1. In the list 208, 222, 164, which residue meets the criterion of being of a type in the set (A, V, I, L, M), within 16 Å of residue 119 (Cα to Cα) and surrounded by 13 or more Cβ atoms within 10 Å (Cβ to Cβ)?
2. If the requirement is being closer than 19 Å to residue 213 by Cβ, touching a helix residue (DSSP H, G or I) at 6+ places or on another chain (Cβ under 8 Å) and part of a helix (DSSP H, G or I), which of these qualifies: 4, 26?
3. Can you name the condition, by its number, that residue 2 falls short on among (1) in contact (Cβ under 8 Å) with a residue 60 or more places away in the chain; (2) surrounded by 23 or more Cβ atoms within 10 Å (Cβ to Cβ)?
4. Condition first: touching a strand residue (DSSP E or B) at 6+ places or on another chain (Cβ under 6 Å) and closer than 19 Å to residue 229 by Cβ. Can you find one or more residues in the stretch 88-105 that meet it?
5. As an exercise: evaluate residue 120 against (1) closer than 17 Å to residue 10 by Cβ; (2) of a type outside the set (A, V, I, L, M, F, W, C); (3) outside any helix (DSSP H, G or I) and give the number of the one condition it does not meet.
6. Please count how many residues of the stretch 159-190 are within 14 Å of the chain's Cα centre (by Cα) and among the basic types (Lys, Arg).
7. For the stretch 61-78, which residues satisfy the criterion of being surrounded by fewer than 20 Cβ atoms within 10 Å (Cβ to Cβ) and closer than 18 Å to residue 134 by Cβ?
8. Restricting attention to the stretch 225-236, report how many residues are surrounded by 13 or more Cβ atoms within 10 Å (Cβ to Cβ) and more than 20 Å from residue 166 (Cα to Cα).
Amino acid sequence: MGALTGKVAVVTGASSGIGRAIALGLAAEAAAVCPVGRNSERLSAVADAARATSPRVVPLQADLTDDAQLDALVESLRGEFPAIDVLVLSAGEHARGTIEDSGVAQLDRLYRSNVRAHYRLLQCLLPLLKAGGGYVVFVNSSVGLNAPRDAGQFAATQHAVKALADSLRQEINVDGVRVLNVFLGRVATPRQEKIYSGQEWTYQPELLLQPEDVAAMVLAALSLPRTAEVTELNIRPAIKSY
């Protein structure tokens, strides 16, 4: 039995990209997995793949920016599990643009998706995480540490997520809950392909981080003994293609 066997893991943004890879990685370690996503078709495909190795898979469709859907998701989780061992927050949105030209409506959308949804879900699930002595994983971006031009709004939300994670760690370590912030460079995901489409660089996914690379590092941190806590991971592509 591995360190994650039988653990209960909730993964948001699990219908594609990094969230999908982490959910399937947890399933491969025989954890019970609850993949959360907005796209029902893709989410169903992830759940089917996870069932090949996981003892229990509970897919839940929800748009976490919608309070009613988030509350329904929380009630479903409370009904299914007495405790949660792992919460991976991988859902979110991206947008580019200068501060001068990007409207407040876009900032509001990014805030609601990337910050507020995390905050509300965490608040609701903290009792279950404390009951399980859980681990919270924030899938962040390198812009959460260094904001580039044309990404001020998105970077602001990622800086906010870092602050949320750092404060949360100080608050709940005493309850046996650990908190990991993962700062990623460019990863070969559908979102990244869309980002490249608006730039002068050629999208070469084979040169970027792979979602499975990120999943491997996250699972390694989650598998450490309870005497250890990884607080931050900074992961970049080995080959710089831009």
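Bear in mind these aren't lab numbers, they're just calculated from the coordinates by the rules spelled out. Just so it is clear, the structure is predicted and the values come from calculations on it, not from any experiment. Virtual Cβ from ideal backbone geometry, glycine too; neighbours counted across all protein chains shown.
1. One residue alone meets the criteria, 164.
2. After applying the criteria, what remains is 26.
3. Result: residue 2 fails condition (2) only.
4. Yes, the stretch 88-105 has at least one match.
5. Against the list (1) closer than 17 Å to residue 10 by Cβ; (2) of a type outside the set (A, V, I, L, M, F, W, C); (3) outside any helix (DSSP H, G or I), residue 120 comes up short only on (3).
6. Residues that pass the stated criteria total 1.
7. Once the filter is applied, which keeps residues that are surrounded by fewer than 20 Cβ atoms within 10 Å (Cβ to Cβ) and closer than 18 Å to residue 134 by Cβ, the stretch 61-78 yields 74, 76, 78.
8. 1
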